[in-house]
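Rule-based calculations on the coordinates, nothing more; no lab input. This one's a predicted model, so the numbers in the text were calculated from it and none came from an experiment. Heads up, the Cβs are rebuilt from the backbone with ideal geometry, glycines too, and the neighbour counts pull from every protein chain shown.
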Amino acid sequence: MNENTQTGSAQLTCDGRTLELPVLRDHIGQRALDIRNLRRDAGLTAYDPGFANTMSCRSGVSYVDGEAGRLVYRGYTVEDLAENCTFIEVAYLLLHDRLPTRPQLEKFSMLMNRHSMIHEDMITFFAKYPENAHPMAVLSAMVVSLSSFYPELEEIEIEELDITATRLLSKLRTIAAFSYKKSIGEPFVYPSFKLSYCANFLNMMFSSPVQDYPMDPMLVRAMNQLLVLHADHDQNCSTSTVRLVGSARVNLYACISAGICALWGPLHGGANQEVIEMLERIQRQGGDVDKVIEKAKDRKDPFRLSGFGHRIYKTYDPRAKIAKRICQEVLGKMGVSDPLLDIALRLEETALADPFFIERKLYPNVDFYTGITYRAMGFPTNMFTVLFALGRLPGWISQWQEMHRDPEQRIWRPRQLYDGQDRLAFVPIDQRT
């Protein structure tokens with residue numbers, strides 16, 4: 001523990017005993033009770049389902065201020081980074097705690113290009129998946145397979161970290177594009193040294209031997225910005241999964257594969273797919289937004305408005321503001337009139353004028369508009385969460401790296417409140433009824 005983070009103590013009284021608990025304060029003013037010795041000193045543990053009030057680690061990668069609607073990567077706001085940086089610059093920032101100089105970025109990009117291909121033997125893996133296999137299933141399996149082809153480096157030095165990170169960042173993009181090509185029965189398109197990271201991804205996704213992909217700089221920029229929005233987000237479900245698995249000293253590939261599986265859930269990264277499917281249902285049912293809002297407000301109705309509300313944000317998600325602007329720019333530039341965007345805009349306008357949503361601080365989150373943009377760019381719905389994983393990867397790697405360098409970290413082993421039976425008398429099998 002850093003001595004300058006303790007700002008006082010709190011008293012806990014239980015069973016006639018009083019225990020002093022240190023109060024810690026971080027660089028942005030958050031305070032936390034240090035309960036590491038609570039069980040040892042008082043015979044107590046803390047009960048916190050979902051860990052909503054538990055700080056599991058120290059981290060300098062990103063910070064979310066849910067009340068103010070701020071997201072910061074290594075001290076920079078997500079708005080500044082999305083507007084001024086490529087995704088690869090932001091990846092470098094997360095990994096190295098500083099924005100790259102031009103020579104550093106060129107070297108990082110060179111490593112990205114060098115490690116962009118996957119081992120040719122891995123191509124045979126794709127052939128064995130059913131054509132309807134979900135890309136997230138393929139992605140997680142292929143990532144953990146990388147550990148067999150590219151064994152994890154034991155000593156994490158700066159140069160070796162760059163190789164490991166660029167290998168994962170670049171190959172995940174290739175695996176994602178290959179999984180899409182497999183699903184539609186088209187031949188794989190290999191990465192090109194002539195193209196940037198996002199341009200390469202779009203080309204591998206949408207070009208073919210009989211048709212070149214017309215590379216639009218506006219779409220490349222939009223792809224960069226969307227990936228930047230997802231690069232890291234505090235100790236969310238998938239990031240905590242990467243840290244949890246990594247605390248057992250599992251190799252990086254296995255940790256990332258676990259993070260991908262956690263991200264797949266509809267309450268996490270799968271939410272952007274849920275939004276599109278909800279908007280499509282509303283469209284099929286006539287597009288009556290008022291009816292949908294009333295349905296969402298009915299406590300007896302299990303329906304929930306996808307893309308609204310967030311576990312942390314109690315105001316407008318800063319990423320959602322950027323995503324909304326990107327969506328309108330992309331559709332405008334492409335000349336696309338998507339009725340789903342019209343429905344989404346009317347939903348937002350109606351919800352934000354309704355006291356039910358205002359009182360509960362339910363605002364659009366990042367998933368509300370990203371799916372519409374991806375759809376306009378040509379991505380199928382089942383690829384949306386894959387794109388989320390691609391964006392989140394530098395954050396996962398940075399969190400894993402930080403955890404391994406933190407002397408306070410131990411293997412994660414939460415406690416539980418046991419509510420099962422105890423001291424049952426054993427009955428031999430022939431006497432059981």
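Taking springs between alpha-carbon atoms closer than 10 angstrom, which of Gly287, Gly270, Gly43 fluctuates most in the Gaussian network model of the chain? The residue that fluctuates most here is Gly43. When the charge dipole of the chain is built from unit charges on Cβ atoms (+1 for Lys and Arg, -1 for Asp and Glu) and taken about the Cα centre, the candidate among Ile397, Ala137, Thr239 whose Cα reaches farthest toward its positive end is Ala137.
If you bin all the Cα-Cα distances of region 3-55 at 10 Å, starting from zero, the percentages per bin are 22, 50, 27, 1. What separates the Cα centres of region 62-79 and region 264-310 is a distance of 27 Å.
What residue among Gln235, Gln225, Gln328 has the largest mean-square fluctuation in a Gaussian network model of the chain, using Cα springs under 10 Å? With Cα springs under 10 Å in the chain, the top fluctuation among Gln235, Gln225, Gln328 is at Gln328. Considering helices alone, the calculated mean residue ellipticity of the chain at 222 nm is -16000 deg cm²/dmol, with DSSP H runs of length four and up weighted by -39500 (n - 2.57) and normalised per residue.
For region 335-409, the Cα-based Rg and Dmax, in that order, read 18.0, 54 Å.
Computed over the chain, the percent of Cα pairs more than 40 Å apart is 25. When peptides 255-262, 35-42, 189-196, 161-168 are sorted by average Cβ neighbour count within 10 Å, with the highest value leading, the order is 255-262, 161-168, 189-196, 35-42.
Remark: relative contact order (the chain) = 20 percent; criterion is Cα-Cα distance under 8 angstrom and separation of 6 or more residues. Considering only Ser179, Ala46, Leu227, and ranking their Cα positions along the charge dipole of the chain that arises from unit charges at the beta-carbon of Lys, Arg, Asp and Glu, the one farthest toward the positive end is Ala46.
Mean projected area of the convex hull spanned by the Cα atoms of region 166-220, taken over all viewing directions: 3.8 nm². When peptides 383-390, 125-132, 371-378, 51-58 are sorted by average Cβ neighbour count within 10 Å, with the highest value leading, the order is 383-390, 371-378, 51-58, 125-132.
For region 8-140, divide the Cα radius of gyration by the Kirkwood radius and give the resulting Rg/Rh value with two decimals.
Ratio of gyration radius to Kirkwood radius for region 8-140: 1.15.
Take each peptide in 329-337, 315-323, 301-309, 5-13, count the other Cβ atoms within 10 Å of every residue, and average; sorted highest first, the result is 315-323, 301-309, 329-337, 5-13.
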